[in-house]
1. Tell me, Kirkwood radius of the range 289-357 from alpha-carbon pair distances, in Å?
2. So, counting K/R as plus one and D/E as minus one, what does the shell of residues with Cβ under 13 Å around Thr95 add up to?
3. With every protein chain present, what is the per residue accessible area of the range 52-138 (1.4 Å probe, Å²)?
4. Just add up the charged neighbours of Val408: K/R +1, D/E -1, any other residue whose Cβ is under 13 Å from the Cβ of Val408.
5. With θ set to phi - 60° and the Karplus curve 6.51 cos²θ - 1.76 cosθ + 1.60, what are the ³J(HN,Hα) couplings of the range 5-12 in order, to the nearest whole Hz, using x for Gly and Pro?
6. Round to the nearest 10 and report in Å² the accessible area of Leu172, as given by a 1.4 Å probe over the protein chains' heavy atoms.
7. Calculate one ³J(HN,Hα) per residue across the range 188-201 by plugging θ = phi - 60° into the Karplus curve 6.51 cos²θ - 1.76 cosθ + 1.60, and present them in order as whole Hz with x for glycine and proline.
8. Percent of accessible area on the range 264-421 owned by carbon and sulfur, 1.4 Å probe?
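The values are calculated or read from the model by the stated rules, or taken from the named source; none is laboratory data. Since the structure is predicted, the reported quantities are computational estimates derived from the model, not experimental observations. Neighbour counts are summed over all protein chains in view; Cβ atoms, including those assigned to glycine, are modelled from backbone coordinates with ideal geometry. The protein model used for the area step is the full one, side chains on, heavy atoms only, and it has no ligands, DNA or RNA in it. Shrake-Rupley method; radii C 1.70, N 1.55, O 1.52, S 1.80 Å.
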Amino acid sequence: MEKLFQLTKNKTTIKTEVLAGFVSFFTIVYIVVVNASILSDAGIPLEAGIIATVLTSIAGCFIMGFLGNTPIILVPGMGVNALFTYTIVIGMGLTWQEALGVVFVSGILFSLIAFTKLASIISESIPHSLKEAITVGIGLFLTFIGLQKGGIVILNNETFVSLGDFSQVNVLLTILTLVITVGLFVRQIPGNFLISIIAGTVLAALTGQLSFDSSETKPLDAFIAYKDVLGAMSFDRVFDLVFWTATFSLTMVIVFENIGLVFGQVHLINRPSTYKRSLQANALSTITSGIFGSSPTVSTVETAAGITAGGRTGLTSVVTGVLFLTSLLFLPFIKLIPDSAIAPILILIGSLMIQNIKHIDLEDFSESFPSFLIIALIPFTYSIVDGMAFGFIMYPILKLILNKKDEVKAPLYVISALFLLNFVFHTLH
């Protein structure tokens, strides 16, 4: 242990690291059911999605623990999973197998960036306002998805969307569970998301909203279903523009998000020298995501819980990974969890992501308007890629109009041109 994780050098102990690993696990384990639910919307069977999420999380935590030697927790990320399902599969028309191929290739590109100087070049070329706008836009998108899953917002042919039917039990359960979720969160109760999911499931059971027949599914049957997801990546459309548009967009999102998260987390433990290895571990973990059948992993903000509990080394991540394996024992019960228990988590996470709008310079129109386009069009077009495209195209145009071309770096022109070419291609076809 000492040789692997340098516990003494990092002023920690096995006991402290194990405790931090437990704290990290109970803080983030909600991702198993939430991510699987979103993957199921892409067509991946729920049982297989649960197993894929668990195995991807285990691999991510182990890679980070042994390669990065930091307490950063890697699991499929919220927002990125929405990009996978609702944009790449539903919006762009790729199958979930082809989308997994996109994840795999994005992981390779991310690795090329992480193991070279490209990471700093790309990060510095993208305006801070656009990075923050993507987070805010995805936050609104997740909120919208949560409202739909919970029945609070429904389809309306005349106005596109409208308020749901509050006489429906599932809608009332969503609202009640949301109140519980918010209450637990603001009181900073440890494992608040997990507790709220359990509470929401119990409420659904008490009101007769659950079908307990699904609990009869045997774990072995779930693994049999999973074999069709493991390594199911498809590269049949690798020569199509839509495949590379999806790959380009996904790569940009995971690179932007993880560069910022990893940077902040290694400084939180006062070990900035581990930044490069941790980012490389993150990139390699993305490759395994495609293989195991999940949307990409990210460095989670919940990592802070483990760090607060004393986690300083990769042992914390490894312990969290081991604990993820135990969640498979509860597979029959995880399947029971209804949308009314999942929707409040999406809504609350969306509200947290929206807070990043305070980091955008709203007084500079050349910064605020492209950001506004991203924020508005991600949920309104139901596409993270299209929302990003409008903002990235408008940014250099506004800067040129205002004679601020020096504020636009060369790589950004290339990225903007690629987004524009994608629009032109789809218009012509």
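1. 15.0
2. Details: positive: Arg237; negative: Glu98, Asp228, Asp236, Asp240.
Combined, the nearby Lys, Arg, Asp and Glu give -3.
3. On the way: 2220 Å² over 87 residues.
Result: 26 Å² per residue.
4. Surrounding charge for Val408 is 0.
5. Result, ordered by residue: 10, 6, 5, 5, 4, 9, 6, 9 Hz.
6. For Leu172, solvent-accessible area is about 90 Å².
7. Residue by residue, the range 188-201 yields 6, 6, x, x, 4, 5, 4, 4, 5, 5, 4, 4, x, 5 Hz.
8. 69
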